[in-house]
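Novice: Just passing along the structure, written as structure tokens.
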Amino acid sequence: MSTKEKLIKRLTSCPKDFTFSELETLLGLPTYHRTEKGRTSGSRVMFVSEHHCPILLHKPHGRKELLEYQVKQIIDVLRGEGLL
């Protein structure tokens, strides 16, 4: 099982401990790349792709894990784009 398959399986199980670094790894595999929202973006980051809609979220601070609603939103976006 490849890294991508393992991360997809883990993400779709809606874990409470899915980390931001795991998300970066997963999104980096299809064609997304991370960009800061702007010069004063603070904790906002955007993952953009030429062929898929952008994913905008707040980078967690004080913890490594994404919040449950963020995991669900990411799953919805990736399913909508046909990546899951």
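The values are calculated or read from the model by the stated rules, or taken from the named source; none is laboratory data. All values reported here derive from a predicted model rather than from experimental measurement. We place every Cβ from the backbone using ideal geometry, glycine too, and count neighbours over all the protein chains shown. The accessibility values were calculated without ligands, DNA or RNA, using every heavy atom of the protein model including side chains. Shrake-Rupley method; radii C 1.70, N 1.55, O 1.52, S 1.80 Å.
Novice: Quick check: is even one residue across region 64-80 outside any strand (DSSP E or B), of a type in the set (Ser, Thr, Tyr) and surrounded by 11 or more Cβ atoms within 10 Å (Cβ to Cβ)?
Specialist: Keep residues of region 64-80 that are outside any strand (DSSP E or B), which gives 64, 66-80.
Filter again for of a type in the set (Ser, Thr, Tyr), leaving 69.
So of that shortlist, the ones also surrounded by 11 or more Cβ atoms within 10 Å (Cβ to Cβ) come out as none.
Taking every residue of region 64-80 in turn, none turns out to be outside any strand (DSSP E or B), of a type in the set (Ser, Thr, Tyr) and surrounded by 11 or more Cβ atoms within 10 Å (Cβ to Cβ).
Novice: Same structure again: Could you list all residues from region 58-71 that are farther than 15 Å from Leu26 by Cα and modelled with pLDDT of 85 or more?
Specialist: Answer for region 58-71, where residues must be farther than 15 Å from Leu26 by Cα and modelled with pLDDT of 85 or more: Arg63, Lys64, Leu67, Glu68, Tyr69.
Novice: Please work out if Glu50 is assigned to a loop (DSSP other than H, G, I, E, B) and open to solvent by 50 Å² or more (accessible area, probe 1.4 Å).
Specialist: The answer is yes for Glu50.
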